[in-house]
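K.L.:
Below you'll find the structure I mean.
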Amino acid sequence: GARGAGVSIFGLNEQHTLILVDGQRTTGRIAGGVDTRRCDLTNVEQIEVVKGSASALYGSEAIGGVINIIPRRAKRNLELFIRPTYGSQNTFDLNLAAGTKYKNLNSYFTGGFHRTDGFSIATEDDPDPIGDTVPQSDSWNVENRTQYQITERFAWNFRGDFRQESISAVDARPSGAVFDRTQRTDVLSVTTGPELRIGNTGRFRMWLT
């Protein structure tokens, strides 16, 4: 829809599912929810899901549960990845990724372009629908995650991402009303801060967003 793709856990509204990226809250909620299409799977190493109420730790946003998206890190001196796909309705996806792990520096870049013409599903009651079932959309995004290991236990992290999406659609109601849902969304997020390793498994982080 116009607000993007959300996640519902236990039937609760998407605004009660907390989305984290590497343990950090995501910014840019639209109508209470986070558009999960912002999370490029090219840059995902692992996804952790905690079902049930976690509001005691995270607040009311986590009544339904918590989803923690752990991004990839470069494992070689140079990594490159390109994946173009094309499908029906002129649906085109281009995903790009490049990473480097050199001495104390670990940096991973991802980006992509995505578009589709959208479509309308006809039914017996509405053989010639006015409204769009899936809207026409164009979007592109770029993201970088960098970590510099200053000492064995102390590092500095940086994360920046930008996404632009344009949606063009018509929404038809049973009453006969027709709404133009054309819109454009720009989301920019930049965070940086230190990380301190405590023991073998503990980590203490501070983020400036």
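The values are calculated or read from the model by the stated rules, or taken from the named source; none is laboratory data. Because the structure is a prediction, the values reported are computed rather than measured. Because the Cβ atoms are built from the backbone with ideal geometry, glycine has one as well, and the counts that use them run over all protein chains shown. To get the accessible areas, we keep the full protein, side chains included, count just its heavy atoms, and leave off ligands, DNA and RNA. Shrake-Rupley method; radii C 1.70, N 1.55, O 1.52, S 1.80 Å.
K.L.:
Give me the extension gain from Ser168 to Asn200: residue separation times 0.36 nm, minus the current Cα-Cα distance, reported in nm with one decimal.
P.N.:
Fully extending the segment from Ser168 to Asn200 adds 6.5 nm.
K.L.:
Another question, then. Among the lysines, select those whose C-alpha is under 29 Å from the C-alpha of Lys75, and discard any that sit fewer than 8 residues away in the same chain.
P.N.:
Straight-line reach from Lys75, under 29 Å: Lys101, Lys103.
K.L.:
Oh, and also: Compute the signed sum of charges (Lys and Arg +1, Asp and Glu -1) over the other residues within less than 14 Å, Cβ to Cβ, of Pro84.
P.N.:
+1
K.L.:
Explain nothing, just compute: Karplus ³J(HN,Hα) = 6.51 cos²θ - 1.76 cosθ + 1.60, θ = phi - 60°, for every residue of the stretch 93-108 in order, whole Hz, x for Gly and Pro.
P.N.:
Those phi angles translate into 10, 10, 10, 10, 8, 8, x, 9, 10, 9, 6, 8, 10, 10, 9, 9 Hz.
K.L.:
Can you find, among Ala172, Ser120, Asn200, the residue farthest towards the positive end of the dipole of the chain? Put +1 on the C-beta of Lys and Arg, -1 on that of Asp and Glu.
P.N.:
Highest projection toward the positive end goes to Asn200.
K.L.:
Moving on to the next point. Please sort 106-116, 8-18 by packing, taking for each peptide the average over its residues of neighbouring beta carbons within 10 angstrom, highest first.
P.N.:
Going from most to least packed, we get 106-116, 8-18.
K.L.:
Quick check for me: using +1 on Lys/Arg Cβ and -1 on Asp/Glu Cβ, what's the dipole size of the chain about its Cα centre, in debye to the nearest 20?
P.N.:
Rounded to the nearest 20 debye, it is 1440 debye.
K.L.:
I need the semi-axes of the equivalent ellipsoid of the stretch 48-124: take the C-alpha gyration tensor, multiply each eigenvalue by 5, square-root it, list largest first in whole angstrom.
P.N.:
Values for the stretch 48-124, descending: 31, 30, 8 Å.
K.L.:
Moving to a separate point now. Can you pull the percent of the chain's accessible area that's carbon plus sulfur, 1.4 Å probe, other chains left in place?
P.N.:
Taking all protein chains in place, the chain shows 57 percent carbon and sulfur surface.
K.L.:
Here is a follow-up. Using modelled amide H (1.01 Å from N, peptide plane; none on Pro or chain starts), what sits under 5 Å from the amide H of Ala5, excluding residues fewer than 5 places away?
P.N.:
Thr36, Arg37
K.L.:
I want to verify a result. In a Gaussian network model of the chain, Cα cutoff 10 Å, which of these has the top mean-square fluctuation: Asp125, Asp93, Asp161?
P.N.:
Of Asp125, Asp93, Asp161, the most mobile in the Gaussian network model is Asp125.
K.L.:
Hey, what's the stretch 95-209 come to in accessible area per residue, 1.4 Å probe, Å²?
P.N.:
Value returned for the stretch 95-209: 62 Å² of accessible area per residue.
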